[in-house]
Structures are given as C-alpha cells and as structure tokens.
Amino acid sequence: MLKILIPTIMLFFVSWLTPKKWLWTIITTHSLLIASLSLLWFKWNTDMGWDFLNQYLGIDPLSAPLLILTCWLLPLMILASQNHMYMEPIIRQRTYIMLLISLQTFLILAFSATEMIMFYVTFEATLIPTLIIITRWGNQTERLNAGTYFLFYTLMGSLPLLIALLIMQNNIGSLSMLIMQYSQLDLTTWADKFWWTACLTAFLVKMPLYGVHLWLPKAHVEAPIAGSMILAAILLKLGGYGMMRIIVMLNPLTKEMAYPFMILAIWGIIMTSSICLRQTDLKSMIAYSSVSHMGLVAGAILIQTPWSFAGAITLMIAHGLISSTLFCLANTNYERMHSRTLLLARGTQIILPLMATWWFLTNLANLALPPTINLMGELLIITSLFNWSNWTILLTGFGVLITASYSLYMFLMTQRGPTPQHLLSIYPTHTREHLLLNLHLIPTLLLILKPELIWGWTC
Amino acid sequence: TIFISSLGLGTTLTFIGSHWLLVWMGLEINTLAIIPLMMYQHHPRAVEATTKYFLTQATASTLLLFASMTNAWTSGEWNLLEMSNPTSATLITIALALKIGLAPMHFWLPEVLQGLNLTTGLILTTWQKLAPFAILLQLYPLLNPNLLLFLGISSALIGGWGGLNQTQLRKILAYSSIAHLGWMITILHYSPNLTQLNLILYIIMTLTTFLLFKMFNSTKINSITISTIKSPLLTTITLMTLLSLGGLPPLTGFMPKWLILQELTKQNLAIPATIMALTTLLSLFFYLRLCYATTLTMSPNPIHSMSTWRTKSSQPNLTLLIASSISILL
C-alpha cells in the first residue's frame, strides 16, 4: 500500500523540481510506473477479502478495481492535458500537475480507507483540488457557477453524512469497515429513518441520482479535460463505492426506504438518456450519459443482491473507462475547433479515419454491445432489477434502447455525414492522442477476458 | 505603545482575576486602551466606529458588573467561580455575548470593524475575544446550556446570512467572526477544551487573513481581485486560508468543526449539530466567492508589471500560514 502512496506523494516534489524540458515526460513516466505497480492489487490473497492491510488502509475486492482505475487514470490525465497546458507559464503547469497529483493521493486514501471517517475526510478532500481545477482552468465564464454547484450540492449531502457517522460511532463504538458489517443495528424509530437518509444522501448526490444531478452537467462541461476525466471516471464512483460500503449497515430499513430513490434512479435513466438525444453540446451529451449509467448503478446498489453488486462494480469500472475515453475524444475535437457544438465537427471520418475507429469502438462500448464489460454490468443489473420487480424491465429496457440510440447518434453525427466546409485546416491526430485513447480502450477490451477481477466480493 | 501594553495588562488582569471587580476592571482597561488605537486616524467613520464600540462595550461591562453585584448580594460571594444565582448567570452570558458580538447582540460588529483600519480590526477580532472567553471558560458549568445553544445557532445563521451581501472585506470578516464565535459558544457547556481549541485556531486563521489583506492593502473585493498580479504565491495562500475558514477538510479549519459535531452528537444533540453544519454552508458561499475573486479568476486589469515588494508584515504571516493551512488527516 505504501509502495504506491509514497511515490504518489513524492510526485509532488518531482513536479516542482524537474527542469522544464522534461516535466511532462517525467511525470507521465513516473505515473505510468506507479500505475503498473498498482496492478499488483488485483491479486488478493486472503480469505476475508481484506488484503494489503495496515492499521488505516486496506484493499478488498471492491476497492481494488477502483484503486487501479484511479492509478491508471493519472498518466492518462497528464497525457490529455499536455496540449492545452503547453502555452502556460511553467509555474502554472507545475501547479496544475500538483493539483492532479494531490487529487490522486486523496483518492487512493479514500478508496483504501478502512475507517469510515477517514473515507469521509478524504472524500471531502477530493473536492478542493477538483474545484480548483474546474474554476481556474475551465474555459467559459460558466465555470464559476459550475464550481459553486459542484461544491454546494456535494457538501449539502455530505454534512449530514458526517453527523450520521458520528452518531454511528457513538452507538457502535467503531467505524472500521472491517467489522461494520457484523454490527446489528436495530433500526425502527422515525429518527432512524432520518439517519438512514443522512447516510445515503451524500453518496446519492455524488453518484448522481436523477433528482440531484444538476451539478454534473455543469461541472463536466466546464472542466478542462483532466477535470472531466477524473470527475467522470472516479469521483462519481466514490459515491457508488461509499454507498456499497455503508448500505450493509442500513438493513432492514432499506427495504421500505429505498423506494423513492429507486424510482428516481430508474426513471432518471430514461429521462437523462432522452435529454441526451436533444443535446447540442458534445460534452453535455457525455455528461448526461454518465448520469444515466450511474442511475443504473444506484438502483443496483439499493437492491443489494449479489448479482446487482457485481453488476454495479463492473458497470462502474466499465463506465469509468469509457466515459473518460469519450471525454478524451470530445477534447480532440475541442482542441481543433475550440467549440463543443456537435454540428460543427461532423463527418470527420474522411479527415481522421483512425480516430473514427476509436469513436466507433467507444460508442459501441457505451451502448453496451456484447461482449464488452459494459454489457456485462448492465445485464447483471437489469437481471437483478427484474428479480426485484418485474416491471423494471420495461423501464431499463427502454433505457438501454435510448442509450443505444444516443450513442449511435453521437457516432453518426461526428463521423459520418457531410464534412463541413469550414474544417479546412485541422491538424492530424497526434500520436499522443492515439496513445491516450488506446490506453483507455485496451483495458476495456482486456477485462472481458478475465472479468472476475472486477466482480467484487460477491461472485 | 502604551496602549498596546495597556491592552496586554487588561487581558492579563481578566485572566488572573478571581474577584469580579478585578475581572471587570480588566475588561474596562481593555476597552479604554483600544479606544485611542481605533481613533488614530481621526477619520469620521473611525470616530463613529469608536463611539459605537465604546457604547456597546460599556453597556456590556455595566451589565456584567450588575450581574456580579446581584450575585454578591444574594450569595455574598465575589469569587468568580461561585455563581449561584441563575439570573445573574444568564445576565453574565448575555453581557459577554454582547462583548464578543454573538447574535442576537451582534449588530455593532460589522459597522465597527468597517470603520477601522486592518491592523486595529485584527486586534479587535482576535485579542479582544480572549478576555471574555477567559471568563466564559471558567464559568462554563454554571451557564444555561439552552441559552448557549440558542446563541450559537443564531450566530451561525446570522453570520452566514449577513455575510452574503457584503463587498467590503472587513464586514465579511465581521460576519465570519460572528459565525465562528457561534460555533465556539455552542460547545462551551459540554467541552470547554473544544471552545479553547476553536478559539485558538480561529485566532490563527483570522490573523492570517488580516495579514494577507494587509499585504495586499485591500479592503474591498474589487481591490483584492488584482492580488494575483501583486503576488501569486500569497494569492494561493489566501485561497487556502479562506477555504480553511470555511471549514473544508483536509484543512485545519475542519478540525474544530468536526470535533464540535462529534461532541454534540455524543450529547444527543444531533439536530442542532445538523443545523449548525448546514449553516456553515452559507458562510462557505461567501468565502468561496472571495476565492473566486482572488485566486480562481483573473479580472481585466491593465497593470501587468511586478510591483515592488513590501516585506513589512511577511514574517508572522509565514508561520501562521503553516498553522492555518496544513492538513490534518486523522
């Protein structure tokens, strides 16, 4: 555990001390090294599931895939940010890299925390670097509003969580995740219902659930590419991960209290997918598609069956990789035309054919084509939702249909069709961009071969 | 300098006093010593602020004296710790709340702070709070917890809401002071150690903020927006300090809030704890707006040259920065 954490913290100093000529190369190389070391976390040795354990940090099959995804994303973020940062003064570049590294450190601490308060503190701590990345390096004036929405939505959900955790600590005596599942809480009174809501609201806002999702399109659209990547891929999964950790404590109330949130989650799939079909802004489409996929995950976590948990983690990992890929693709368009409007970048298959392949693969994965892990996650979730209530298949099936249609719409709008006359001098795709997209897509394709790695502890 | 030493004398007298008259004398010496410091500039607004300050503090001290005399009349005890009359305990709480500027007795604080220059404002918000808190910390078992809770929650609410419409930095700091004092007073009855911790951390953070504003020589949001040009490093420090005042983890400002919430939930006061936690979101909003104005955006400004450094107050700032921003992760 420390093998990964200390090098990540040391990267802080690396980013301040390397000479200007080698800054990006060295940071990318080191973070790739750390990412490859982190693959060790896939091998878990113990019976109980908690491996690499020390007093404060530990990894179990739920957090291992998310941690590896986090470590994997850091070099990808740095690769992606190279273009829009190279014009800035060197101090600002170093500050930006330092923000990314600090975010990485907090995320590693959050996912490997064994005690809920530590998870809470690092969960909140990830907000500050993300806020700074969005509001300082975003590109439009709306980024201030986006940062405010982001911070306040998340905090309004998470302050009750803090109080709920403190109450839990008073009642049980410890908040360690290792033993939390064994505590028997008698949840019957009306105040306990408030406690139940307080526990889950923070994560539902973060996921986001359909009713409280307004921060997400704003934050994703206004953030620079690294911000969007880390937001879509990992920060949403913090919400899912937290929910999965804490929901083991919340039975038997969950059976009745989950209904409003289930309704919001499943209805949100259809609503946000439909909004996707009417978007003009490419990044906004990807943001709403994130809400839609996360709605499936939220619904799955709330019903708490083994298949649904496995499906939730699988979809989280798959969605993290694919969503990040989509944002990178949208960014390649943005860097050439400085506009996110969908209509301005039509028909680029003729000009950039290899990029069209990546667009194709990514959109196929987004619509959950077999045999991708996206499909595996969605199938597991839809089946377990069908088991919970037969009627959900109507809504989730319809949702899958609309997901397919907007993914195809995205592909056809950007790649096929008439090339506009104004795209006269866009430069060809850099090798760096190809590398970036491949590094996203190769894990996605490889994971199909051994999906047990991302199934978590239930299967 | 005689005034600064008198300030020190006054607070020290209040600290060491166990007879009510000595304590009252220390508070009066404090008030009288700061009056000429506030009047230093002979600006009409400074004069007005001084007058308001003198009137409120004199009222508070008189109320304190009256309460202690009532206690002495009914019980015959002038000792600070023997406060057996509940009426005088309540009166003392209200008097001290007026002295430090807790809601609903806070109305004097924004205007007074606005009339002062930054250094005197610094003394007002940090040093002047020490003496009344010394009394409160000694008296804590005898004070009415419901009253303290009411003062605390209303201060947090009013501190949050009042600061939302301000553009003058000193008024913003006044409302932030009200909100933080509200947090401190809430936990007084249950754990005075936490009140002390919160007070010390608040003093350090406010000291840093005032010194930063003094470095930038700015008193309005308009003038702090060009701070990135004057010194980018200090602007980043301003960002961290403001977020720390807002109580965001992992900065230091989160620690007192967390511990206070923990203590409140242990005492089965979860609902007031939730209310206080949510009201800090209000004050976080104006801290965040200040952050936007200073660090996170660059306002259109034709001055792009490096101006000369003023190293006047940089030394204490450095040590305080470290205390104010460095994260404490469990």
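The values are calculated or read from the model by the stated rules, or taken from the named source; none is laboratory data. Everything numeric here is computed off the predicted structure, so don't read it as measured data. Please note: Cβ atoms are built from the backbone with ideal geometry, for glycine as well, and neighbour counts cover all protein chains shown.
Annotations for the structure displayed:
- Qualifying residue in segment A:179-192 (condition: more than 14 Å from every other protein chain (Cβ to nearest Cβ), under 22 Å from B:Ala277 (Cα atoms), at pLDDT 75 or above and part of a helix (DSSP H, G or I)): no
- Breaking point among (1) assigned to a loop (DSSP other than H, G, I, E, B); (2) more than 11 Å from every other protein chain (Cβ to nearest Cβ), for A:Ser81: (1)
- For beta carbons closer than 8 Å, sequence separation of 6+ or different chains, a first residue in segment A:140-163 that is touching a residue at least 60 places away in the same chain (Cβ under 8 Å) and within 11 Å of chain B (Cβ to nearest Cβ) and a second that is polar (S, T, N, Q) and crowded, with 19+ Cβ neighbours inside 10 Å, the qualifying pairs are A:Arg143/A:Thr135; A:Gly147/A:Thr135; A:Phe150/A:Thr130.
- Residue ID - nearest to A:Leu436 (Cα to Cα), chosen from residues in segment A:357-399 that are within 24 Å of the chain's Cα centre (by Cα) and small (Gly, Ala, Ser): A:Ala365
- Residue in segment A:357-365 that is at pLDDT 90 or above, farther than 30 Å from A:Ile393 by Cα and either among the hydrophobic types (A, V, I, L, M, F, W, C) or touching an Asp or Glu at 6+ places or on another chain (Cβ under 9 Å) (or both) present: yes
- Pair list, Cβ < 9 Å and 6+ apart or interchain, from segment B:41-54 residues that are closer than 16 Å to B:Leu98 by Cα to residues that are of a type in the set (S, T, N, Q): B:Ala49/B:Gln114; B:Tyr53/B:Thr31; B:Phe54/B:Thr31
- Of all the residues in segment A:384-417, those that are aliphatic (A, V, I, L, M) and free of Cβ contacts under 8 Å to residues at least 12 places away in the same chain number 4.
- First in segment B:233-246 and farther than 15 Å from B:Ile204 by Cβ, second anywhere and of a type in the set (Asp, Glu), Cβ under 7 Å, 6 or more apart: none
To keep it simple, each residue is scored yes or no on (1) under 30 Å from A:Ile303 (Cβ atoms); (2) assigned to a helix (DSSP H, G or I).
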site: A:Ile351; (1), (2): no, no
site: A:Trp359; (1), (2): no, yes
site: A:Gly377; (1), (2): yes, yes
site: A:Ile382; (1), (2): yes, yes
site: A:Asn390; (1), (2): yes, no
site: A:Thr396; (1), (2): yes, yes
site: A:Ile426; (1), (2): no, no
site: A:Leu435; (1), (2): no, yes
site: A:Leu441; (1), (2): no, yes
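- Only one entry of A:Leu379, A:Leu375, A:Leu385, A:Leu394 meets the criterion of being more than 30 Å from A:Thr419 (Cβ to Cβ), out of contact with any helix residue (DSSP H, G or I) (no Cβ under 9 Å at 6 or more places or on another chain) and modelled with pLDDT of 90 or more, and that entry is A:Leu394.
- Residue match in segment A:120-128 (condition: touching a residue at least 60 places away in the same chain (Cβ under 8 Å) and within 17 Å of the chain's Cα centre (by Cα)): yes
- Screening B:Leu139, B:Leu124 for residues that are buried (at least 18 other Cβ atoms within 10 Å of the Cβ), more than 30 Å from B:Asn217 (Cβ to Cβ) and not charged (D, E, K, R) leaves exactly one candidate, B:Leu139.
- Some residue of segment A:57-65 being closer than 21 Å to A:Ile454 by Cβ, within 14 Å of another protein chain (Cβ to nearest Cβ), surrounded by fewer than 21 Cβ atoms within 10 Å (Cβ to Cβ) and over 16 Å from the mean Cα position of the chain (by Cα): yes
- Set B:Leu136, B:Leu102: member being in a helix (DSSP H, G or I) and touching a residue at least 40 places away in the same chain (Cβ under 8 Å): B:Leu136
- Members of segment A:263-298 found to be surrounded by fewer than 19 Cβ atoms within 10 Å (Cβ to Cβ) and over 15 Å from A:Ile402 (Cβ atoms), listed by number: A:Ile263, A:Thr280, A:Asp281
- Tabulated pairs, segment A:209-229, first more than 19 Å from A:Leu155 (Cβ to Cβ), second among the charged types (D, E, K, R), C-beta under 8 angstrom, 6+ apart or interchain: A:Val221/A:Glu142; A:Val221/A:Asp281; A:Val221/A:Lys283; A:Val221/A:Arg340; A:Ser228/A:Lys283
- Sole exception among (1) in contact with a helix residue (DSSP H, G or I) (Cβ under 6 Å, 6 or more places away or on another chain); (2) at the interface with another protein chain (Cβ under 8 Å from one of its Cβ atoms) for A:Met118, by number: (1)
- Filtering segment A:207-215 for residues that are within 14 Å of another protein chain (Cβ to nearest Cβ), buried (at least 24 other Cβ atoms within 10 Å of the Cβ), of a type outside the set (Ser, Thr, Tyr) and closer than 30 Å to A:Ala146 by Cα leaves an empty set.
- Boolean, A:Pro7 is farther than 21 Å from A:Arg432 by Cα, modelled with pLDDT of 85 or more and not polar (S, T, N, Q): yes
- Residue within segment A:253-268 that is among the small types (Gly, Ala, Ser) and either farther than 22 Å from A:Tyr182 by Cα or in a loop (DSSP other than H, G, I, E, B) (or both) present: yes
- Members of segment B:241-253 that are more than 9 Å from every other protein chain (Cβ to nearest Cβ) and either in contact with a strand residue (DSSP E or B) (Cβ under 8 Å, 6 or more places away or on another chain) or of a type outside the set (Ser, Thr, Tyr) (or both): B:Leu242, B:Leu245, B:Gly246, B:Gly247, B:Gly253
- Per this entry, A:Ile402 is counted among residues that are in a helix (DSSP H, G or I), under 18 Å from A:Ala298 (Cβ atoms) and more than 19 Å from the chain's Cα centre (by Cα).
- Criterion (modelled with pLDDT of 90 or more and more than 13 Å from every other protein chain (Cβ to nearest Cβ)) met by exactly one of A:Leu103, A:Leu39, A:Leu76: A:Leu76
- Test: residue in segment A:218-237 that is buried (at least 24 other Cβ atoms within 10 Å of the Cβ) and either assigned to a loop (DSSP other than H, G, I, E, B) or acidic (Asp, Glu) (or both): yes
- Taking the criterion of being among the polar types (S, T, N, Q) and either more than 10 Å from chain A (Cβ to nearest Cβ) or within 20 Å of the chain's Cα centre (by Cα) (or both), the residues of segment B:227-240 that qualify are B:Ser227, B:Thr228, B:Ser231, B:Thr235, B:Thr238.
- Residues satisfying the criterion are present in segment A:96-103 (criterion: closer than 30 Å to A:Met249 by Cβ and either among the basic types (Lys, Arg) or touching a residue at least 12 places away in the same chain (Cβ under 8 Å) (or both)).
- Residue that is nearest to B:Trp258 (Cα to Cα) [pool: residues in segment A:121-133 that are of a type in the set (A, V, I, L, M) and within 9 Å of chain B (Cβ to nearest Cβ)]: A:Val121
- Within segment B:266-279, being facing chain A (nearest Cβ under 8 Å) and surrounded by 22 or more Cβ atoms within 10 Å (Cβ to Cβ) holds for B:Ala270, B:Ala273, B:Ala277.
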